[in-house]
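Engineer: One structure follows; several queries about it will come next.
The values are calculated or read from the model by the stated rules, or taken from the named source; none is laboratory data. As the structure is a computational prediction, the values presented were derived from the model and not from experiment. Ideal geometry is used to build each Cβ from the backbone, glycine not excepted, and the neighbour counts take in all protein chains shown.
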Amino acid sequence: MILLERLSKEFGTVKAVDEICLEVAPGEILGFLGPNGAGKTTTVKMLVGILKPTRGSAEVAGFDVGKQPVEVKKRVGYVPESGALFESLTAREYLELVSELHHLDRAKTGQRIEELLRLFELHAEMDQQLSRFSKGMKQKVLLAAALIHNPEVLFLDEPLNGLDANAALVVKSLLRKLAAQGKTIMFCSHVLEVVERLCTRLAVIDHGRIIALGTISEILEQTSQASLESAFGYLTDARDHDASSDEFLETIARS
């Protein structure tokens with residue numbers, strides 16, 4: 001479970017996150033949406049203990065993020081938007097390191113690592129250095145690292161970045177099954193088609209504040225729009241994309 005009470009983060013005079021209140025129940029896949037700079041990543045970084053809130057509070061898996069950060073970190077899996085790996089390690093070595101950090105039983109770790117790497121079709125490359133991996137292969141390792149300790153809560157910030165279509169299908173199927181087991185999942189993405197098919201509820205954030213919350217059908221009803229794409233544009237005051245494209249084409253035609 002995730003619970004936010006007036007959670008805020010300021011950088012100088014900039015309010016990156018402005019008094020967010022939100023609850024995500026076990027078994028939910030919450031789609032956390034917003035335009036660039038809306039506050040999505042800052043919110044997630046506070047919830048996993050990377051950033052300290054300016055004000056407000058948050059609980060993850062029943063523990064206060066500010067007062068019990070270690071207990072929270074034991075229970076969460078996190079895939080950052082731009083994850084860095086120790087590229088001198090092999091995929092197996094990296095996952096062994098993550099397992100040690102989570103104090104997992106060494107007798108079971110090897111089998112779990114092999115199972116995860118098979119799931120993501122990396123078993124043949126498990127002893128290659130990560131520096132030789134493609135972007136998509138590195139993303140699979142990050143996903144495996146987030147799952148290896150069987151976390152209660154998952155925070156996924158653009159988790160499908162770089163993945164091929166087959167790997168993306170594996171991840172989406174896995175997330176549905178984890179939610180069915182009672183895991184709590186917060187899924188940040190700009191790919192609205194994926195959000196629409198995967199998430200059970202949505203929260204839309206803009207300028208640091210949640211501006212819409214509910215199921216897709218509820219948000220469509222609230223905005224009187226026919227699609228999630230048009231509802232998102234309506235909520236975030238997006239420019240008329242057709243008009244913008246026409247304006248650009250006319251400009252270069254005159255040049």
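Engineer: Could you check region 126-137 and list, in sequence order, the residues that are part of a helix (DSSP H, G or I) and surrounded by fewer than 19 Cβ atoms within 10 Å (Cβ to Cβ)? Spell out the reasoning first.
Structural biologist: First, pick out the residues of region 126-137 that are part of a helix (DSSP H, G or I): 130-132, 135-137.
Of everything in region 126-137, those that are part of a helix (DSSP H, G or I) and surrounded by fewer than 19 Cβ atoms within 10 Å (Cβ to Cβ) turn out to be L130, S131, R132, K135, G136.
Engineer: Given the criteria under 19 Å from N161 (Cα atoms), more than 16 Å from the chain's Cα centre (by Cα) and not small (G, A, S), does L33 qualify?
Structural biologist: No, not satisfied.
Engineer: Return a yes/no flag: does region 21-28 have any residue that is in a helix (DSSP H, G or I), surrounded by fewer than 18 Cβ atoms within 10 Å (Cβ to Cβ) and either free of Cβ contacts under 8 Å to residues at least 60 places away in the same chain or in contact with a strand residue (DSSP E or B) (Cβ under 9 Å, 6 or more places away or on another chain) (or both).
Structural biologist: No: zero hits.
Engineer: Just a yes or no: is a residue in region 30-41 touching a Cys at 6+ places or on another chain (Cβ under 6 Å) and assigned to a strand (DSSP E or B)?
Structural biologist: There is at least one residue in region 30-41 that is touching a Cys at 6+ places or on another chain (Cβ under 6 Å) and assigned to a strand (DSSP E or B).
Engineer: Can you pull out every residue in region 93-122 that is among the aliphatic types (A, V, I, L, M) and crowded, with 17+ Cβ neighbours inside 10 Å?
Structural biologist: Answer for region 93-122, where residues must be among the aliphatic types (A, V, I, L, M) and crowded, with 17+ Cβ neighbours inside 10 Å: L95, V98, L104, I113, L116, L117, L119, L122.
Engineer: Next question, about the same structure. Tell me whether region 33-56 contains one or more residues that are of a type outside the set (A, V, I, L, M, F, W, C), closer than 20 Å to H190 by Cα, crowded, with 22+ Cβ neighbours inside 10 Å and touching a helix residue (DSSP H, G or I) at 6+ places or on another chain (Cβ under 7 Å).
Structural biologist: yes
Engineer: Considering every residue within region 20-36, establish whether at least one is among the polar types (S, T, N, Q) and in contact with an Asp or Glu (Cβ under 7 Å, 6 or more places away or on another chain).
Structural biologist: The answer is no, given that none of the residues of region 20-36 is among the polar types (S, T, N, Q) and in contact with an Asp or Glu (Cβ under 7 Å, 6 or more places away or on another chain).
For every residue, the table says whether it meets (1) of a type in the set (K, R); (2) modelled with pLDDT under 95; (3) touching a helix residue (DSSP H, G or I) at 6+ places or on another chain (Cβ under 9 Å); (4) not assigned by TED's automatic domain parsing to the domain that holds C188.
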{"position": "K67", "(1), (2), (3), (4)": "yes, yes, no, no"}
{"position": "V70", "(1), (2), (3), (4)": "no, yes, no, no"}
{"position": "P80", "(1), (2), (3), (4)": "no, yes, yes, no"}
{"position": "G83", "(1), (2), (3), (4)": "no, yes, yes, no"}
{"position": "Q129", "(1), (2), (3), (4)": "no, no, yes, no"}
{"position": "L147", "(1), (2), (3), (4)": "no, no, yes, no"}
{"position": "E152", "(1), (2), (3), (4)": "no, no, yes, no"}
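Engineer: Out of region 42-99, which residues are β-branched (V, I, T) and touching a residue at least 12 places away in the same chain (Cβ under 8 Å)?
Structural biologist: From region 42-99, those β-branched (V, I, T) are 42-44, 48, 50, 54, 60, 65, 70, 72, 76, 79, 90, 98; that's our starting set.
T42, T43, V44, V48, T54, V60, V65, V72, V76, V79, T90, V98 - these are the residues of region 42-99 that are β-branched (V, I, T) and touching a residue at least 12 places away in the same chain (Cβ under 8 Å).
Engineer: Which ones in region 57-92 are surrounded by 16 or more Cβ atoms within 10 Å (Cβ to Cβ), part of a loop (DSSP other than H, G, I, E, B) and polar (S, T, N, Q)?
Structural biologist: Hit for region 57-92 is Q68, nothing else.
Engineer: Looking at (1) over 30 Å from F232 (Cα atoms); (2) under 22 Å from the mean Cα position of the chain (by Cα), which is the only condition L51 fails?
Structural biologist: (1)
Engineer: With (1) buried (at least 21 other Cβ atoms within 10 Å of the Cβ); (2) outside any helix (DSSP H, G or I) as the list, and N150 as the residue in question, which single condition is left unmet?
Structural biologist: The one condition N150 does not meet is (1).
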